[in-house]
1. Apply the Karplus curve 6.51 cos²θ - 1.76 cosθ + 1.60, θ = phi - 60°, to the phi angles in region 71-82 and return the couplings in whole Hz, x for Gly and Pro.
2. Of the listed peptides 376-386, 76-86, 144-154, what is their order by residue-averaged count of other C-beta atoms within 10 Å, with the highest listed first?
3. What accessible area per residue, rounded to a whole number of Å², is obtained for the chain using a probe radius of 1.4 Å?
4. Placing +1 at every Lys and Arg Cβ and -1 at every Asp and Glu Cβ, with all other atoms neutral, what dipole size does region 94-185 have around its Cα centre, in debye to the nearest 20?
5. Tell me which label goes with the value of mean projected area of the Cα convex hull in nm² computed from the coordinates here: (1) 26.1; (2) 28.3; (3) 21.5.
6. In debye, nearest 20, what is the charge dipole magnitude of region 17-111 about its Cα centre with +1 on Lys and Arg Cβ and -1 on Asp and Glu Cβ, if you could check?
7. Indicate the gyration tensor shape class of region 229-378 (rounded, prolate or oblate), computed on the Cα atoms with a ≥ b ≥ c the square roots of the eigenvalues: a/c under 1.5 is rounded; otherwise a/b larger than b/c is prolate and the rest oblate.
8. How high is the FRET efficiency between Arg2 and Ser22 when r is their beta carbon distance and R₀ equals 30 Å, given to the nearest 0.05?
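The values are calculated or read from the model by the stated rules, or taken from the named source; none is laboratory data. Since this is a predicted model, take the numbers as computed values, not measurements. Cβ placement follows ideal geometry from the backbone for every residue including glycine, while neighbour counts extend to all protein chains displayed. The accessibility values were calculated without ligands, DNA or RNA, using every heavy atom of the protein model including side chains. Shrake-Rupley method; radii C 1.70, N 1.55, O 1.52, S 1.80 Å.
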Amino acid sequence: ARLEKARQFSSFSHRAQRLSASCVRSLYGTQLKGSISQFERYASCPFSYFIQYGLRAKERKILDLSAPDIGWLLHTMIDSFSKYVISHNDSFRDIDEAYCERVVDGLIAQMADRMFIKNLYSEKKLRLLLKRLKQLLLRSVWAICQHVRAGNFEPCAFEVSFDKNGDMPPVKIELPTGESITLVGRIDRIDAMTKGAELFVRIVDYKSGMKNFRLSDIYNRLSLQLAVYITAVWENGEALFQKEANPAGMFYFRLNDPVISTAGASEEQEARGELLKKYKMSGLVLDDRDIIEAMDRGADGFSKVIPVRLNKAGEVVHSSSSSATLEQFSRLKQFVKKAAGEIGREILSGRTDIYPAHDGKTSPCTYCPYHSICSFDEKADGYHKLKNSPDEEIWSMLAECDNDVTS
């Protein structure tokens with residue numbers, strides 16, 4: 001019996017069989033619907049997607065407050081703060097710090113009354129947690145207000161859903177096989193500005209963790225979220241704004257409490273300037289001088305708001321900026337729809353490979369809860385290795401993809 005177990009172990013391989021067509025239909029149906037984060041999960045590891053969204057396996061719940069819970073609380077309270085400002089006919093560019101602190105104090109008090117955790121933690125620990133949350137929120141809303149004051153874009157919509165019965169229709173992709181992919185989601189914030197007769201919008205997605213925009217992540221299908229969000233507003237924004245919306249940019253705003261160096265800062269204003277740099281958004285902006293100035297009218301050299309650098313003549317230094325022309329935004333839109341369609345076809349084909357993607361920096365296995373199921377061994381099995389190419393190369397490859405779609 002021991003020898004037989006040894007034989008079985010020696011012939012074991014970390015391979016997952018392809019699902020049958022009937023099994024795929026029973027799990028997903030023929031009209032696949034999901035958020036873009038689900039599709040990103042599949043791109044990072046097909047087996048992880050299958051376990052989470054196919055079998056719907058879940059970890060045993062523990063009554064605790066973890067990092068994802070803190071992130072959710074921050075998202076919720078930023079959204080509540082934003083809606084409070086709009087509902088009271090106030091403007092982000094006019095409110096002061098006393099206003100922010102008063103509203104944040106009220107929100108935290110409401111949240112503390114409803115939090116289950118007050119029954120688990122001591123009064124002292126809960127007080128420290130709420131103090132920490134208040135500091136995070138105050139700094140974040142302060143930075144948001146500074147970003148709005150810096151330009152002409154005005155926050156106008158929050159927690160915008162694109163779904164069947166949402167604020168906007170979902171993003172639909174028809175497959176050649178007759179099946180369809182429906183992408184749904186919720187956009188944290190949309191800012192808008194009118195230029196002549198045209199409406200321009202920028203997407204802002206709040207992130208509580210370390211998340212920086214990289215064009216190669218889109219090309220590798222690991223981070224399609226921002227591009228799908230701007231696609232949803234670009235294609236279906238008329239349902240929300242009663243007119244066609246043009247892309248001005250898409251950004252991540254990190255909800256954090258950065259540490260700044262005050263060495264050499266002779267005044268409080270200088271320290272605040274250093275703090276604002278830490279809140280610079282990461283993403284992609286339309287390569288249009290008027291749009292860039294409308295996001296940061298006082299930009300001199302490196303912008304403190306968006307990932308752009310201007311020379312003395314006020315022109316964009318492309319080697320130090322993350323910008324794209326309207327044509328490139330259009331290529332990006334076509335690519336993400338094509339990429340989502342390809343991912344959808346792979347899901348519906350029954351592929352469930354234990355083959356996590358690795359871009360040389362991050363591995364999806366680091367925080368994956370399903371390692372005890374797949375028993376993936378990076379040395380024996382090997383990652384699906386991805387290449388991080390420079391932006392210029394990515395744009396060239398996207399142009400080739402665009403030509404393929406057109407032809």
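1. Rounded to whole hertz, the list is x, 5, 4, 4, 4, 4, 6, 5, 5, 5, 4, 4.
2. Values: 376-386: 13.1, 76-86: 18.1, 144-154: 20.0.
The packing order, highest mean first, is 144-154, 76-86, 376-386.
3. Details: 21400 Å² over 407 residues.
Solvent-accessible surface per residue comes out at 53 Å².
4. Details: 13 positive and 13 negative charges, 151 e Å.
That gives region 94-185 a dipole magnitude of about 720 debye.
5. Of the labelled values, this structure produces (1).
6. On the way: 11 positive and 11 negative charges, 218 e Å.
With Lys and Arg at +1 and Asp and Glu at -1, about 1040 debye.
7. On the way: a/c = 2.51, a/b = 1.37, b/c = 1.84.
Oblate, since a/c reaches 1.5 and b/c is not below a/b.
8. Working: r = 39 Å, r/R0 = 1.29.
With R0 = 30 Å, the Cβ-Cβ based efficiency is 0.20.
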